[in-house]
Amino acid sequence: MGQKILFSNLGYAKGINGSLSHHIRFFGRHFYNRLVIQQHILRQVKDIIVAEAPDVCCFVEIDGGSLHSAYHNQISSLSDDIYHFNDISGKYGDDRWISKAMFHRGKSNGFLARQKLVFERLYFRNGTKRLIYKISLPDDITLLFAHFSLNRKTRARQMHEVRDLMEACQGEIILMADFNIMGGFGELAPLLETKAMKILNEDHLPTFTFHKYQKTLDGCLVSSGLAERARIKIIDQPFSDHKALLVEI
């Protein structure tokens, strides 16, 4: 039974595409993003979902309801009768003071699915962005997705944490993330040491833009049993500085 999984960094639906002009023109949206703007951006996200028809949609940088988003829970605008099963949670961890701070409250990861799935919220021991989703898919496949640290030393420790997590999993594995690997694919080496993981991305196809800077930060790794049949598609998101990933297995 095939599965299609979408992974997207939404940039909190601020509509900033990474160009210098967008960063200047829409700078105020970092502090307050009007509901009408969010709804316009989230309709564009829905258009991608309708066009690609994934079974699971994984999101980082999605707002669960904060002062900056007019307290709008953005997953509610994406959920519908088809994608009725969902979860959203603060990416800093509910037990941390930072999750309650003004500029961090409501900043979340979340997912939508066509059917009810067993899942867990796990947390990095290192870093501030801590949430890791672990979702059980059909055919004994485990899906993990996360948002890694911008700090290289912290990110390296997180890589080893995820490696240990994958080693404890049974069956096949899909790992999707905004890895923030500013140093390139070499940073993923600890993750390739277990389960014979393979990188589906090609490093010459960037997924992130800031002005003239482009880098492959968002990626997907799959275990050996999925590598032969897994396919990845990079999808433009004109409302975000990140492109989306669609993986089909």
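Tell me which residues come under 5 Å, amide H to amide H, from Ile173 once H is placed; ignore anything under 5 positions away on its chain.
For Ile173, whose amide H was placed from the backbone, the distant partners under 5 Å are Thr142, Ser223.
Tell me, what HN-Hα J-couplings in whole Hz come from the Karplus equation 6.51 cos²θ - 1.76 cosθ + 1.60 at θ = phi - 60° for each residue of segment 195-207, using x for Gly and Pro?
Result, ordered by residue: 6, 6, 5, 10, 7, 7, 5, 9, 6, 8, 10, x, 10 Hz.
Which ³J(HN,Hα) values, rounded to whole Hz and listed in residue order, are derived for segment 31-41 from phi using the Karplus coefficients 6.51, -1.76 and 1.60 in 6.51 cos²θ - 1.76 cosθ + 1.60 with θ = phi - 60°, glycine and proline given as x?
Those phi angles translate into 9, 7, 10, 4, 4, 5, 5, 4, 5, 5, 5 Hz.
Just to be sure I understand: with springs between alpha-carbon atoms less than 10 Å apart, which residue in Cys58, Cys169, Cys220 has the highest mean-square fluctuation in the Gaussian network model of the chain?
Cys169
Through the Karplus equation 6.51 cos²θ - 1.76 cosθ + 1.60, θ set to phi - 60°, convert the phi angles of segment 172-183 into ³J(HN,Hα) values in whole Hz; use x for Gly and Pro.
Whole-Hz 3J(HN,Hα) from phi for segment 172-183: 8, 9, 10, 10, 10, 6, 8, 7, 6, 7, 4, x.
For the chain, with a Gaussian network of springs between Cα atoms less than 10 Å apart, report the residue from Leu191, Leu226, Leu165 with the top mean-square fluctuation.
Answer for the Gaussian network model of the chain: Leu165.
Using only the alpha-carbon atoms of segment 1-91, report the extent along each of the three principal axes, biggest first, to the nearest angstrom.
Between the extreme Cα coordinates on each principal axis of segment 1-91 lie 46, 26, 23 Å.
When the distances between all Cα atoms of segment 75-174 are binned every 10 Å from zero, what whole-number percent does each bin get?
14, 41, 34, 10, 0
Which whole number in µm²/s is D for the chain by Stokes-Einstein, with the Kirkwood Rh taken over Cα pairs at 25 °C and 0.890 mPa s?
135 µm²/s
Which whole-number percentage describes the relative contact order of the chain, with Cα contacts under 8 Å and a sequence gap of 6 or more? Don't jump to the answer; show the numbers that get you there.
On the way: 544 pairs, mean separation 53.7, N = 249.
It comes to 22 percent, rounded to a whole number.
Ignoring everything except DSSP H segments at least 4 long, calculate the 222 nm mean residue ellipticity for the chain; use -39,500 (n - 2.57) per segment, divide by total residues, nearest 500. Before the final figure, lay out the partial values.
Details: 5 runs with 48 residues, N = 249.
The per-residue figure over the chain is -5500 deg cm²/dmol.
Could you tell me how far the Cα centroid of segment 52-94 sits from the Cα centroid of segment 191-218, in Å?
Centre-to-centre (Cα) distance: 24 Å.
Each reported figure results from applying straightforward, stated rules to the coordinates on display, with no laboratory input. Bear in mind that the values here come from a model prediction, so they are computed numbers and not experimental data.
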